[in-house]
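Worksheet: the structure to be examined is printed underneath.
The values are calculated or read from the model by the stated rules, or taken from the named source; none is laboratory data. Remember, predicted model here, so these are calculated numbers, not experimental data. Neighbour counts are summed over all protein chains in view; Cβ atoms, including those assigned to glycine, are modelled from backbone coordinates with ideal geometry.
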Amino acid sequence: MVQIAPITESLPAFLASHSFSQVAVLVDEQTLQHCYPRIQALLPPHTLIQIRSGESEKHLETATQIWEGLTKAAFDRHGLLINLGGGVIGDMGGFCAATYKRGIAFIQIPSTLLSQVDASVGGKLGIDFQGLKNHIGVFQIPDAVLIDADFLATLPPRELRSGFAEVIKHCLIADAAKWEELRQQSWETQNWTDLIAHSVAIKERVTQADPTEKGLRKILNFGHTLGHAIETYFLEEPEKRLLHGEAIAAGMLTEAFLSRQRGWLTEEQFATIQSYLLQTYGKAQIPTDAFEAIVELTAQDKKNRGKEVRFSLLEGIGSCRFDIPVSNSEMQEALTYYAGL
């Protein structure tokens, strides 16, 4: 169940319709300060579990901290974990709930645009492992996703812009008319409530048709094969680290280039994508001596089959193909093109 409504209405209604033995809330230092005060009075007596924010904390040690918090609170299998935060909180908190005592109930209250339009919907959960994004995880649909656009007011502009990359992706893979509407405005002037509902509808439709990513759901990974590899490469360099959406913007541009090279995008279509992505995100500074390492990282992509690196590529704007093999030399060519812009 995904509900877009004021949290002061949706959370009490959800809790009233269930009987949980215990409740815990997972936060980081940011959501503890900016978001937790909005829900604290709406909750019964509960356990608060705090972790550090950021993708660099999305690993087994932090998951252990969450499991320890639940264990110390003597959580049984009838408890509820509320994940209050962005994609890291939702991915990791959901993963911990899905595996604690073989699974307890959990809900997502996404506080960032990225998590509201993408990460919290569809039941993909997990942690990073040995520097690889979401390498360990499960599929498990949350008991509810409660979205309130008012939480976006707590975000720095860079974080809001990062989440917008997933909105762009949804338009490019599934709604050409919405893409035309979207690109007429700068990211700062978008109607977030409308775009959240639009993205959620697309992601729900795709994930309900293919819950465990055997086929169609792979289109949601457009921009993410090279994008995740770029993001992972920079995780080791904190001063150059890219936010998820910034890396995905680079991924979408390079993967749109691959689509154009196959003749699936016209020059005009590719030009509109490139122009809008560069206007919105600028260009990530990827040194040429990083290309080989980035290409090597794509070998760990979860869409791969055997030794083939498989992409999801645009077939025109508003449509996407999946399971497309792409060679290392083609990826190098796409990165070289991007670096030369």
Looking only at segment 1-21, and only at residues there that are part of a loop (DSSP other than H, G, I, E, B) and touching a Pro at 6+ places or on another chain (Cβ under 9 Å), the one that is nearest to residue 113 (Cα to Cα): 1
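Condition (residue is in contact with a strand residue (DSSP E or B) (Cβ under 8 Å, 6 or more places away or on another chain) and either in contact (Cβ under 8 Å) with a residue 60 or more places away in the chain or part of a strand (DSSP E or B) (or both)) applied to segment 62-72: is it met by at least one residue?
yes
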Neighbours by Cβ (under 7 Å, 6+ apart or cross-chain): first from segment 124-150, outside the structural domain of residue 102 (by TED's automatic domain parsing) and in contact (Cβ under 8 Å) with a residue 60 or more places away in the chain; second surrounded by fewer than 20 Cβ atoms within 10 Å (Cβ to Cβ) and not in a loop (DSSP other than H, G, I, E, B): none
Answer residue from segment 285-306, given it is among the polar types (S, T, N, Q) and part of a loop (DSSP other than H, G, I, E, B) and is nearest to residue 216 (Cα to Cα) among those: 304
Yes/no for residue 234 being in the same structural domain as residue 165 (by TED's automatic domain parsing), more than 15 Å from the chain's Cα centre (by Cα), surrounded by fewer than 22 Cβ atoms within 10 Å (Cβ to Cβ) and aromatic (Phe, Trp, Tyr): yes
Segment 181-212, residues that are among the charged types (D, E, K, R) and either assigned to a helix (DSSP H, G or I) or free of Cβ contacts under 8 Å to residues at least 24 places away in the same chain (or both): 181, 188, 194, 203, 204, 205, 210
